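First up is the structure itself, then whatever we jot down about it.
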Amino acid sequence: SSHASWPPEFQPGVPWKGIQNI
Amino acid sequence: QEALTASVLADAPPQEQKQMLGERLFPLIQAMNPSLAGKITGMLLEIDKSELLHMLESPEFLRSKVDEAVAVLWAYQA
């Protein structure tokens, strides 16, 4: 859901995608 | 573990830079706020990398930014 999409959660060892629109 | 400096970061692609900063910041943030560490780190990674480097060097500065992020998060969720 859109409500849960922010903020993006950082997890150690998992490639960070952040908020960039790729 | 080698110190993460601006020159080390500059050699990495932008997306990699945030990953490297996140890996360093996460354990520090986790020590301050275990339950929200992932979200706080994610929020802080939106900040300019020069400020993120400053956070790694200054626990006081990091704490102030973590407090800020938590306040924003709570306001958002309210």
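Overview of values
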quantity: Cross-chain or 6+ apart pairs with Cβ under 7 Å, the stretch B:30-52 first and more than 12 Å from chain A (Cβ to nearest Cβ), then part of a helix (DSSP H, G or I) and among the charged types (D, E, K, R); calculated: B:M32/B:R63
quantity: Check on B:S50, modelled with pLDDT of 95 or more and surrounded by fewer than 15 Cβ atoms within 10 Å (Cβ to Cβ); calculated: no
quantity: Residue check for B:A3: in a helix (DSSP H, G or I), surrounded by fewer than 13 Cβ atoms within 10 Å (Cβ to Cβ) and aliphatic (A, V, I, L, M); calculated: no
quantity: Residues (of a type outside the set (A, V, I, L, M, F, W, C) and either under 12 Å from the mean Cα position of the chain (by Cα) or surrounded by fewer than 13 Cβ atoms within 10 Å (Cβ to Cβ) (or both)) located in the stretch B:12-34; calculated: B:P13, B:P14, B:Q17, B:K18, B:Q19, B:G22, B:E23, B:R24, B:P27, B:Q30, B:P34
quantity: Considering residues of the stretch B:7-27 that are assigned to a helix (DSSP H, G or I) and more than 12 Å from every other protein chain (Cβ to nearest Cβ) only, the residue farthest from A:Q11 (Cα to Cα); calculated: B:S7
quantity: Yes/no for B:L9 being at pLDDT 95 or above and crowded, with 18+ Cβ neighbours inside 10 Å; calculated: no
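The values are calculated or read from the model by the stated rules, or taken from the named source; none is laboratory data. Keep in mind that this is a model prediction, so the values were computed, not measured. Please note: Cβ atoms are built from the backbone with ideal geometry, for glycine as well, and neighbour counts cover all protein chains shown.
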